[in-house]
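In what follows, a single structure is set out as structure tokens and then discussed.
The values are calculated or read from the model by the stated rules, or taken from the named source; none is laboratory data. All figures in this text were calculated on a predicted structure; none of them were measured in a lab. Every residue, glycine as well, gets a Cβ built from its backbone with ideal geometry; the counts of neighbours run over all protein chains shown.
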Amino acid sequence: MSETILRRCQVDDIDKALNYIGEDRLLCFYLYMDVLECGITDEGLGLWTSEKDGEICAVMYRYYDCLHLFSRGNCPVNDVLAVISEIDPKVIVSSEENIALLSEELDKDQYIYELNHIITTDVLMKENPDMTIVPATKDDVPEIAEMMMKDKIYYEVYTYDKLCTDLTRRLEDGFGRLFIIRNEDGRLVCADATNAETDDLAVIGGLVTDPEMRGRGLGQAMTGYVWNTVLREGKRGLAFLLDDNEKTINLHKKLGYDFIGYSARLIRK
């Protein structure tokens with residue numbers, strides 16, 4: 001039986017890697033989008049393929065502190081571990097099956113495991129016309145990051161400065177958009193985002209509401225607005241829901257969202 005060969009890709013190899021992903025991009029959309037939008041030449045970026053008998057069997061992409069992995073079937077664990085050893089990512093993202101395989105080889109005490117449902121819908125959501133929702137600018141980023149850092153899912157992964165940098169980069173690169181709600185005093189109370197977009201797809205995520213303002217319909221209004229904005233632009237929206245949030249999952253099922261797969265990740269403590 002032939003062994004796999006791990007290759008560090010050059011710019012000319014990008015199309016071959018993306019073609020391997022093909023229509024499965026919905027299951028690894030951040031990987032696909034990051035490669036497409038950001039490439040591999042800047043510091044903190046990198047692309048690897050694992051090949052067997054001259055054919056790709058896995059694609060790995062470094063996006064700064066994160067390693068994205070896609071493969072059909074089980075990944076070549078030794079090749080992935082070699083890349084992990086080289087770049088020491090803080091976050092590893094792949095399918096549920098691949099993350100389970102990697103977890104057997106990594107120190108479980110050093111990582112937090114998360115499983116997310118990938119959801120989509122083509123149904124317009126109900127909007128609240130009394131809520132004023134506007135696109136955010138770079139000037140709003142410090143306030144958005146400060147509010148996000150009150151949430152466990154962000155302070156376990158980011159520092160405040162790193163989050164500001166990532167949000168600003170996303171806006172500057174045209175990679176995604178931020179939306180905000182301010183109260184009558186001008187205080188930021190709710191934000192949401194598109195985290196990656198192409199001409200026909202958009203990942204929606206990052207909804208956060210000021211803890212003092214929760215339970216007032218801000219999140220529901222924001223969610224409806226952002227999803228409808230994407231749908232009216234002729235794009236398909238995607239979002240990720242944590243598997244342990246049963247209340248939110250049941251709500252999205254009642255609203256008519258389609259659950260199309262899973263994405264798992266390991267977050268280094």
Requested in this report: For the range 115-130, name all the residues that are more than 30 Å from Asp24 (Cβ to Cβ) and either buried (at least 16 other Cβ atoms within 10 Å of the Cβ) or of a type in the set (Val, Ile, Thr) (or both).
Outcome: Glu127
Report task. Hey, can you tell me all the residues within the range 176-199 that are part of a loop (DSSP other than H, G, I, E, B) and touching a strand residue (DSSP E or B) at 6+ places or on another chain (Cβ under 6 Å)? Result -> Gly176, Asn183
Report summary line: Result of the Cβ filter at 7 Å on the range 246-259, keeping first residues that are in the same structural domain as Gly205 (by TED's automatic domain parsing) and touching a residue at least 60 places away in the same chain (Cβ under 8 Å) and partners that are of a type in the set (D, E, K, R) and outside any helix (DSSP H, G or I), at least 6 apart or interchain, is none
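Being within 19 Å of the chain's Cα centre (by Cα) and among the β-branched types (Val, Ile, Thr) is the filter; apply it to the range 169-208 and report the residue that is farthest from Thr223 (Cα to Cα). Let's see the steps before the verdict.
First, the residues of the range 169-208 that are within 19 Å of the chain's Cα centre (by Cα): 169-179, 191-208.
Keeping just the survivors that are among the β-branched types (Val, Ile, Thr) gives 194, 198, 203-204, 208.
Working: Thr194: 11, Thr198: 20, Val203: 12, Ile204: 9, Val208: 10 Å.
So the residue we want is Thr198.
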**Report entry** Positions within the range 29-60 being in contact (Cβ under 8 Å) with a residue 40 or more places away in the chain and under 27 Å from Thr159 (Cα atoms), in sequence order
**Finding:** Phe29, Tyr30, Leu31, Met33, Asp34, Leu36, Glu37, Cys38, Gly46
**Report entry** For Pro142: the one exception among (1) in a helix (DSSP H, G or I); (2) modelled with pLDDT under 95; (3) surrounded by fewer than 17 Cβ atoms within 10 Å (Cβ to Cβ)
**Finding:** (2)
